[in-house]
1. Considering only residues of the range 1-45 that are of a type in the set (Gly, Ala, Ser) and loosely packed, with under 10 Cβ neighbours inside 10 Å, which is farthest from the chain's Cα centre (by Cα)?
2. I'd like to know if the range 22-31 contains one or more residues that are at negative phi, of a type in the set (A, V, I, L, M) and modelled with pLDDT of 90 or more.
3. Looking only at the range 43-56, which residues are in a loop (DSSP other than H, G, I, E, B) and closer than 18 Å to GLU23 by Cα?
4. Go through (1) at pLDDT 85 or above; (2) assigned to a loop (DSSP other than H, G, I, E, B) one by one and return the number of the condition VAL70 breaks.
5. I need the full set of residues from the range 9-31 which are free of Cβ contacts under 8 Å to residues at least 12 places away in the same chain, in a strand (DSSP E or B) and not hydrophobic (A, V, I, L, M, F, W, C), in order please.
Amino acid sequence: MHVVMYIDTLPNRNAPPCILLCESYRVGKKVMKRTLANLTDWPPELVEGFRVLLRGGTVAENLPESFEVVRACPHGYGGRHWRRFCLTTIRQQ
């Protein structure tokens with residue numbers, strides 16, 4: 001079964017458009033549509049970010065540059081004790 005999720009924008013006459021999270025799927029030869037959530041109250045930038053994620057994109061452009069490694073704990077022989085020490089020092093900071 002092939003299921004596709006997408007964001008649908010439905011215009012209203014004298015009100016802001018209704019933004020819905022929908023799912024489409026096939027039953028035999030019929031294409032069925034199901035509304036999963038109403039996203040009308042979400043901020044526009046959040047809806048657009050979610051739309052990008054549903055299309056297979058990423059929200060962060062350069063994911064490795066989004067994080068900074070402050071300290072890496074050793075592993076291997078004796079790593080368990082160092083890991084416990086690192087976690088306790090990180091929690092205390």
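The values are calculated or read from the model by the stated rules, or taken from the named source; none is laboratory data. Everything numeric here is computed off the predicted structure, so don't read it as measured data. Neighbour counts run over all protein chains shown; Cβ positions are idealised from the backbone, glycine included.
1. Ranking the candidates gives GLY28 first.
2. yes
3. ARG55, GLY56
4. Exception for VAL70: condition (1).
5. THR9, LYS30 - these are the residues of the range 9-31 that are free of Cβ contacts under 8 Å to residues at least 12 places away in the same chain, in a strand (DSSP E or B) and not hydrophobic (A, V, I, L, M, F, W, C).
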